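As structure tokens, the structure follows; a few thoughts come after it.
The values are calculated or read from the model by the stated rules, or taken from the named source; none is laboratory data. Predicted model, so just to flag it, every value in this text is computed and none were measured. Every residue, glycine as well, gets a Cβ built from its backbone with ideal geometry; the counts of neighbours run over all protein chains shown. Each accessible area value is taken on the protein alone, full model and side chains, heavy atoms only, with ligands, DNA and RNA left out. Shrake-Rupley method; radii C 1.70, N 1.55, O 1.52, S 1.80 Å.
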Amino acid sequence: MNTVRSVLQTAVAISLAFLVAALFILFQGSSPFEVYRALYEYGLGSWFSFTSTLNASFPLILTSLSASIAFSSAVVNLGQHGQFLWGALVAAVTGVYLKLPSWFGTAFLAVLGGLAGAGWAALAAFFKRRYRMDEFISTLMLNFLAEYMTLYLATYPFLDPKAYVPSTRLIRREYFLGSFFNVNIAFFVAVFMVLLSWWFLWKTWRGYEARMMGYNKLFATVGGCDVGTDTSLILILTGFLSGLGGALLILGGTQHRFMKGIGANFGWDGVMIAIMAENSVVQTFFYALFIGFLKNGAVGMEFETSVPSEFVMFLQAIIVLTLVGARSGFTSLSDWLRARSELRRLMKQS
């Protein structure tokens with residue numbers, strides 16, 4: 001029943017969002033049908049478009065998975081952006097200088113990038129344990145430090161002198177991730193991490209404690225959960241996922257080097273997707289695919305129409321607002337119907 005209600009809420013919210021966006025497109029003087037046709041054709045209209053959407057989705061899957069696991073455990077990790085950047089930089093720099101066999105080197109760099117993200121998140125865990133600092137503040141502020149520190153390292157110590165923009169050198173070609181039927185292996189790694197995360201949350205006792213913290217931290221403490229250790233573990237685990245996303249973008253993306261602006265909005269998009277998915281691991285995966293479709297289709301939309309690709313961000317904002325509104329509306333309507341039914345039952349009894 002909850003699944004049906006969730007699907008219905010999502011369908012209503014997305015339909016309303018596209019309808020509202022269509023009005024703005026008309027106001028701009030363009031045809032909504034032409035814009036949405038281009039969005040669909042470049043996002044899902046062919047095998048190439050479909051696989052391009054999957055390839056564009058894997059960083060979103062990992063950053064949104066990171067946010068979902070943290071939020072569902074009542075741990076406010078907003079540091080996906082910084083953890084993502086450190087994972088990307090460490091993989092990019094190490095991929096230039098380290099000489100290893102291809103298959104082992106690629107896997108090693110991916111794990112190393114994940115560990116870099118985990119290490120950055122571990123700082124917030126340390127501040128939490130040692131100084132009781134709210135992770136909401138520490139993870140948020142660490143993003144700014146990561147932004148400028150990684151940019152400095154890419155601009156000075158590890159700068160490629162032949163590059164026209166601040167960036168590191170190209171990693172060794174033997175570390176490039178391959179593809180399977182045009183789907184980058186990084187996407188399959190992201191799918192594997194979704195399955196692994198679900199298993200952790202629902203099949204391990206640490207995952208059980210994390211879910212109990214999400215329901216009620218006081219109840220979890222009284223029930224014997226080590227809330228302090230679990231909070232640190234969740235921060236480090238979610239930092240690893242974001243860092244892995246950054247590393248895979250270097251190994252399986254198109255640039256194969258760390259460049260200024262490479263983090264884009266992957267971290268914040270991940271937080272937004274987690275909110276849309278109500279912190280469900282499975283729902284997060286599908287919402288990340290949907291946002292990936294919008295982003296990939298937006299490129300073609302801008303190419304074929306006069307509507308800029310940034311319009312998709314506007315559409316995303318409307319979807320989030322309508323989705324949250326639809327959930328509140330469904331909940332209020334459900335409560336009202338339940339109360340009315342109970343009142344009628346009591347009146348009949350009296």
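Along region 67-73, what does the Karplus equation 6.51 cos²θ - 1.76 cosθ + 1.60 (θ = phi - 60°) give for ³J(HN,Hα), rounded to whole Hz, x for Gly and Pro?
5, 5, 5, 5, 5, 5, 9
Through the Karplus equation 6.51 cos²θ - 1.76 cosθ + 1.60, θ set to phi - 60°, convert the phi angles of region 174-184 into ³J(HN,Hα) values in whole Hz; use x for Gly and Pro.
5, 8, 5, 6, x, 9, 10, 6, 6, 9, 4
Per the Debye formula with a single identical scatterer at each Cα and no solvent contribution, what log10 I(q)/I(0) holds for the chain at q = 0.06, 0.09, 0.12 Å⁻¹?
Values returned for q = 0.06, 0.09, 0.12 Å⁻¹ are -0.25, -0.55, -0.92.
Given the pairs Lys217/Lys260; Lys99/Lys295; Lys99/Lys260; Lys128/Lys295, which span a C-alpha to C-alpha distance of over 31 angstrom in this model?
Check vs 31 Å cut-off fails for Lys217/Lys260; Lys99/Lys295; Lys128/Lys295.
Hey, can you grab everything whose amide H is under 5 Å from the amide H of Ser167? Only 5+ residues off in sequence or another chain; H modelled, so Pro and N-termini drop out.
Asp160
Let me know the Kirkwood hydrodynamic radius for region 157-291, please, with Cα pairs as the basis and the value in Å to one decimal.
Here the Kirkwood hydrodynamic radius works out to 17.3 Å.
Filter the trypsin sites (Lys or Arg not before Pro) in region 114-147 to those in DSSP coil with at most 12 other Cβ atoms within 10 Å of their Cβ, and list the result.
Of the trypsin sites (Lys or Arg not before Pro), the ones in loops of region 114-147 whose Cβ has at most 12 other Cβ atoms within 10 Å are Arg132.
Normalise the Cα radius of gyration of region 86-229 by 2.2 N^0.38 Å (N = residues in it) and let me know the number.
Computed over Cα atoms of region 86-229, the ratio equals 1.32.
Taking a probe of 1.4 Å, how large is the accessible area per residue of the chain, in Å²?
It amounts to 51 Å² per residue over the chain.
First measure r as the distance between the Cβ atoms of Leu195 and Met133, then evaluate 1/(1 + (r/R0)^6) with R0 = 35 Å and state the FRET efficiency to the nearest 0.05.
Step by step, r from the Cβ atoms, then E = 0.55.
Would you compute, for the Cα atoms of region 1-63, the largest minus smallest coordinate along each principal axis and list the three values in descending order, in whole Å?
37, 34, 22
Out of every Cα pair in region 206-350, what percent are spaced more than 19 Å from each other?
70 percent
Report, in whole Å, the centroid distance computed from the Cα atoms of region 101-115 and region 311-350.
Between the Cα centre of region 101-115 and that of region 311-350, the gap is 47 Å.
Extension gain Ala122-Ser334, at 0.36 nm per residue separation less the Cα-Cα distance, in nm?
Extra length available between Ala122 and Ser334 comes to 72.1 nm.
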